[in-house]
Amino acid sequence: MAMASAQTNVRAPARWQDYLQLLKPRVMSLVIFTALTGLVCAGAPMNPILAAVAILCIAVGAGASAALNMWFDADIDAKMRRTRGRPVPAGKVQGADALGLGVTLSLLSVMMMGVATNWLAAGLLAFTILFYAVVYTMWLKRWTAQNIVIGGLAGALPPVIGWAAATGTAPLNAWLLCAIIFMWTPPHFWALSLYTSEDYAKAGVPMMPVVKGAKSTRAQILAYSLLLIPVCVAPAFTGLGGPVYLAVSALGGLVFLLLAWRLFRSQAGEAADPRNDDGLYDVRAGARDARNLFAFSILYLALLFATLLGEHLAGLKPLELL
Amino acid sequence: MSDPNREDEDFAKARRGRNIAIAIGLVVFIVLVYVVTVVRMGANVIDRPI
């Protein structure tokens, strides 16, 4: 189990930077970005100090769930090249300390969110932490190939929490932002897993290419991409996005679909050559298409949220085409 | 063989860094609670009937 391996491994004294590493600062910065977009798009007047505290709470909550994930997953993290350097499997931080940090920060962030904004936002934050740490990490991740599809809800909720923090409500447009990230998650992670599936197989994590094979994964990536693009364009029709958003989401969506189609037609994930085992992200035969979609998916999501944020900050009128 | 004195130094340095980080975290938390309380209650305290 994760706890056992983590506790017997500790060699060097833990530094504060190791504890910071437990919070996955890069993921925290993405969460801040999407939560801020939700908060700004809500369009409600909010005290800037309380808004900053709300965003801080969401970021700390995300960090707390990451620490809980690293505590529980230390055993499989130790088997994968991408994750073996994390503080717990690397023996820098004890598993119990990661657990303690995760639980403490979870409680503090949820309570502070409730006091600073409202209890709907605090409840949504608590749900998100629990969903990621318990439902995804402890249950889905090791059990089903649909792990990142269902688990993706945790990563999709921050804009709804931001919206709820500003208004005390979670209307359809807030859930539309959630739906964009939710539908974006499968093609994004499956594209990555097409060229890292050996690592997942070694750790016994049932990622889609490991369980169903590369061909089925490529077909599912295409199917999810076809569903994703209408969801991404939808905010232009619901009073959330403006003309710039419509252009960015539609044009970017076409590029996304083109890359998904190319990936579907490629051999990505099938031609892994065991002799060519130098690095995790080596581009093997056909995997270039998977890497292209993975990279563009990050850019597309960032552009969508940045455009929405920019339009609302600039006071650009939404289209309301419906 | 590693030098035990050097190891003690490393542990002490790491512990000092952690203690400072915890202290900063606590101070930030206390300031946050204070500021949030003032912002949430501020106007109401001034407007209350005397």
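Here is how the numbers come out for the structure above:
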{"read-out": "Matching option when the condition is within 14 Å of chain B (Cβ to nearest Cβ), outside any loop (DSSP other than H, G, I, E, B) and either modelled with pLDDT of 95 or more or over 22 Å from A:Asn173 (Cα atoms) (or both), among A:Val93, A:Val40, A:Val103, A:Val115", "value": "A:Val115"}
{"read-out": "Residue match in the stretch A:77-84 (condition: over 23 Å from A:Leu192 (Cβ atoms) and of a type in the set (Gly, Ala, Ser))", "value": "no"}
{"read-out": "Which numbered condition A:Gly63 misses (of (1) within 14 Å of chain B (Cβ to nearest Cβ); (2) modelled with pLDDT under 95; (3) over 22 Å from A:Lys202 (Cβ atoms))", "value": "(2)"}
{"read-out": "Every residue from the stretch A:206-221 that is among the aliphatic types (A, V, I, L, M) and within 16 Å of A:Leu192 (Cβ to Cβ)", "value": "A:Met207, A:Met208, A:Val210, A:Val211, A:Ala214, A:Ile221"}
{"read-out": "Boolean, A:Met112 is hydrophobic (A, V, I, L, M, F, W, C), open to solvent by 30 Å² or more (accessible area, probe 1.4 Å) and in contact (Cβ under 8 Å) with a residue 24 or more places away in the chain", "value": "no"}
{"read-out": "Qualifying positions in the stretch A:141-166 - surrounded by 21 or more Cβ atoms within 10 Å (Cβ to Cβ) and among the aromatic types (Phe, Trp, Tyr)", "value": "A:Trp163"}
{"read-out": "Selection count where residues are over 12 Å from A:Ala14 (Cβ atoms) and at the interface with chain A (Cβ under 9 Å from one of its Cβ atoms), scope the stretch B:5-18", "value": "2"}
{"read-out": "Those residues of the stretch A:130-174 which are farther than 19 Å from A:Thr217 by Cβ and free of Cβ contacts under 8 Å to residues at least 12 places away in the same chain, in sequence order", "value": "A:Leu130, A:Val134, A:Trp139, A:Pro171"}
{"read-out": "Selection status of B:Val35, open to solvent by less than 100 Å² (accessible area, probe 1.4 Å), more than 11 Å from every other protein chain (Cβ to nearest Cβ) and modelled with pLDDT of 90 or more", "value": "no"}
{"read-out": "Flag for B:Arg15 being under 17 Å from the mean Cα position of the chain (by Cα), at pLDDT below 95 and open to solvent by 90 Å² or more (accessible area, probe 1.4 Å)", "value": "yes"}
{"read-out": "In the stretch A:66-83, the residues that are open to solvent by 10 Å² or more (accessible area, probe 1.4 Å) and under 18 Å from A:Leu108 (Cα atoms)", "value": "A:Leu68"}
{"read-out": "Restricting the stretch A:11-31 to residues that are in a loop (DSSP other than H, G, I, E, B), within 9 Å of chain B (Cβ to nearest Cβ) and open to solvent by less than 60 Å² (accessible area, probe 1.4 Å), the residue that is modelled with the highest pLDDT", "value": "A:Ala14"}
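The values are calculated or read from the model by the stated rules, or taken from the named source; none is laboratory data. Note that this is a predicted model, so its numbers are computed, not measured. Heads up, the Cβs are rebuilt from the backbone with ideal geometry, glycines too, and the neighbour counts pull from every protein chain shown. Protein only, heavy atoms only, side chains kept; ligands, DNA and RNA dropped before computing areas. Shrake-Rupley method; radii C 1.70, N 1.55, O 1.52, S 1.80 Å.
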